[in-house]
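Worksheet: the structure to be examined is printed underneath.
The values are calculated or read from the model by the stated rules, or taken from the named source; none is laboratory data. Keep in mind the model is a prediction, meaning the values are calculated, not measured. Note that we place each Cβ from the backbone using ideal geometry, even for glycine, and neighbour counts take in every protein chain shown.
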Amino acid sequence: MKAIEIHGSTGDSTILVGESIRSLKKYAPLERMVVITDENVRRHYQKDFPSCEVIEIGSGEKVKTLESVKEIYQRLIEIEADRSSFIVGIGGGVVCDITGFVASTYMRGVAFGFVSTTLLSQVDASVGGKNGVNLGGYKNMVGVFNQPQFVICDINLLKTLPEKELLSGFAEIVKHAVIGDPHLFSYIQENYKKGFLLDTGVIKKLVSDSIVIKSSIVNRDEKEKGERRKLNFGHTFGHAIEKTTGISHGEAVSAGMVIASRLSRQMGYLSMEETEKIEILLKKLRLPARLQIDHGRVIDALGKDKKRNRVSINFVLLKAIGHAFVKEISINELGEAIRDF
Ligand SMILES: NC(=O)c1ccc[n+]([C@@H]2O[C@H](COP(=O)([O-])OP(=O)(O)OC[C@H]3O[C@@H](n4cnc5c(N)ncnc54)[C@H](O)[C@@H]3O)[C@@H](O)[C@H]2O)c1
Ligand SMILES: [Zn+2]
């Protein structure tokens, strides 16, 4: 097992890679524990849950709403949860984002932790202390920064994950390698086949190296004033593509990373060789490098950020694999750039 520390303004968080869901009672008081989970995770893993109150939500992005939050608050009142309770979210990014928000606001905040059950949430969503829900069609519109006391990343839970979800996790792992660690990039190139087969050693390394990259950025810039923006690599176009095509987050981010790499190439920052390396690796990971997109709609979506219209974006570019930087680019310039792809 490997433990990685995050030092947030609200407290410290320990991320435990390779720990088991069955050890949950070592990290939180069983007699005061309340579990929040989703229907799929409960179906697969209730046998491993501690014997305590369980609150179940549906599943998927559609349940990441204030309505779900309200239902959970009401249930917490019914079971007489109070400030001495300990709330544990067992699930993917949706469950963790909702749980962190509920726990941070119920009775002005109770202690919480996560058992992260998807590859995406292990490497990304449950790391960094952002918790929240969507509102009126806008993602993560309402939320808080607050660190969970612990995150258990149990690699064994990934065995039941649908392939599409696994690929989304791989896209974020590539993102972390590309922005911060050329050695991890080479490791993925050499070991991705074992990764697909969920080889324990390979997955543990991919998950923990990924978390080290994200957590060290978060430790330097928890509130996203500067460096944390690098974690949006591939996501500016990714989100716009996801919104306009309806493809999965991981696929859209993959295409977004290819666009951002090519733009870095076009602007003279990244070598042709490394631009191609990124594209080749994503293809090997069965992620798309190119997509048919409606340029007009994508540019339109790009200009809208949480209801505001914007004229320029803090865009993440690459100088090399492992070296990202942020540059303000106008929407017009980005529009021109993707027309050429
Ligand atoms: N807070 C952050 O910093 C942050 C970062 C990245 C993403 N996110 C959020 O994370 C969410 C996406 O997370 P996700 O990809 O984990 O999606 P998810 O939580 O919806 O899980 C994906 C699907 O897999 C199922 N599932 C979960 N664990 C399983 C398991 N072990 N076996 C079988 N099925 C399982 C779920 O029920 C769901 O159907 C988005 O809402 C996104 O905004 C947050
Ligand atoms: Zn993402």
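Let me spell it out: the conditions are (1) surrounded by fewer than 20 Cβ atoms within 10 Å (Cβ to Cβ); (2) within 16 Å of ligand 2 (Cβ to nearest atom), and Ala125 meets all of them except one. Which number is the exception?
Single failed check for Ala125: (1).
Of everything in region 279-297, what is away from ligand 2 (no atom under 16 Å from the Cβ) and not charged (D, E, K, R)? Give them in sequence order. Step through it out loud before you land on a result.
Going through region 279-297, the residues away from ligand 2 (no atom under 16 Å from the Cβ) turn out to be 279-281, 283-284, 286, 289-297.
Across region 279-297, the qualifying residues are Ile280, Leu281, Ala289, Leu291, Gln292, Ile293, His295, Gly296.
Val34 - would you say it is assigned to a strand (DSSP E or B) and assigned by TED's automatic domain parsing to the domain that holds Ile98?
Values: assigned to a strand (DSSP E or B): yes; assigned by TED's automatic domain parsing to the domain that holds Ile98: yes.
For Val34, the condition - assigned to a strand (DSSP E or B) and assigned by TED's automatic domain parsing to the domain that holds Ile98 - is met.
How many residues are among the hydrophobic types (A, V, I, L, M, F, W, C) and either over 30 Å from Gly201 (Cα atoms) or part of a loop (DSSP other than H, G, I, E, B) (or both) if we restrict to region 1-31?
Quick first cut of region 1-31, residues among the hydrophobic types (A, V, I, L, M, F, W, C) only: 1, 3-4, 6, 15-17, 21, 24, 28, 30.
After this cut, where a residue has to be either over 30 Å from Gly201 (Cα atoms) or part of a loop (DSSP other than H, G, I, E, B) (or both) as well, the list is 1, 28, 30.
Number of matching residues: 3.
Do we have any residue at all in region 153-175 that's under 23 Å from Ala255 (Cα atoms), assigned to a loop (DSSP other than H, G, I, E, B) and within 8 Å of ligand 1 (Cβ to nearest atom)? Give the derivation first.
Initially, region 153-175 is screened for residues under 23 Å from Ala255 (Cα atoms), giving 161-175.
Then drop every residue that is not assigned to a loop (DSSP other than H, G, I, E, B), which leaves 161-162.
This time we only want the ones that are within 8 Å of ligand 1 (Cβ to nearest atom), so: 161-162.
Yes, there is a match, as at least one residue in region 153-175 is under 23 Å from Ala255 (Cα atoms), assigned to a loop (DSSP other than H, G, I, E, B) and within 8 Å of ligand 1 (Cβ to nearest atom).
Of the conditions (1) assigned to a helix (DSSP H, G or I); (2) under 15 Å from the mean Cα position of the chain (by Cα), Phe101 satisfies every one except a single condition; which number is it?
Among (1) assigned to a helix (DSSP H, G or I); (2) under 15 Å from the mean Cα position of the chain (by Cα), the lone unmet condition for Phe101 is (2).
Give the residues of region 118-132 that are part of a helix (DSSP H, G or I) and more than 7 Å from ligand 1 (Cβ to nearest atom), sorted by residue number. Please lay out each step first, then the result.
As a first pass, look at region 118-132 and keep what is part of a helix (DSSP H, G or I): 119-125.
Selection gives Leu119, Gln122, Val123.
Check off (1) under 27 Å from Ile329 (Cβ atoms); (2) within 14 Å of ligand 2 (Cβ to nearest atom) for Phe145 and give me the number that stays unchecked.
The number of the failed condition is (2).
Could you list, in sequence order, all residues of region 158-178 that are more than 14 Å from the chain's Cα centre (by Cα) and either surrounded by fewer than 24 Cβ atoms within 10 Å (Cβ to Cβ) or free of Cβ contacts under 8 Å to residues at least 40 places away in the same chain (or both)? Steps first, answer last, please.
First, pick out the residues of region 158-178 that are more than 14 Å from the chain's Cα centre (by Cα): 158-164, 177-178.
Hits for region 158-178 are Leu158, Lys159, Thr160, Leu161, Pro162, Glu163, Lys164.
Check off (1) more than 29 Å from Lys304 (Cα to Cα); (2) free of Cβ contacts under 8 Å to residues at least 12 places away in the same chain for Gly137 and give me the number that stays unchecked.
(1)
Could you please let me know if Asn140 is buried (at least 24 other Cβ atoms within 10 Å of the Cβ), within 16 Å of ligand 2 (Cβ to nearest atom) and in the same structural domain as Lys47 (by TED's automatic domain parsing)?
Values: buried (at least 24 other Cβ atoms within 10 Å of the Cβ): no; within 16 Å of ligand 2 (Cβ to nearest atom): yes; in the same structural domain as Lys47 (by TED's automatic domain parsing): yes.
No: the conditions fail for Asn140.
Would you say Phe145 is at pLDDT 95 or above, surrounded by fewer than 24 Cβ atoms within 10 Å (Cβ to Cβ), in the same structural domain as Glu39 (by TED's automatic domain parsing) and more than 15 Å from the chain's Cα centre (by Cα)?
Working: at pLDDT 95 or above: yes; surrounded by fewer than 24 Cβ atoms within 10 Å (Cβ to Cβ): yes; in the same structural domain as Glu39 (by TED's automatic domain parsing): yes; more than 15 Å from the chain's Cα centre (by Cα): no.
Spelling it out, it is not the case that Phe145 is at pLDDT 95 or above, surrounded by fewer than 24 Cβ atoms within 10 Å (Cβ to Cβ), in the same structural domain as Glu39 (by TED's automatic domain parsing) and more than 15 Å from the chain's Cα centre (by Cα).
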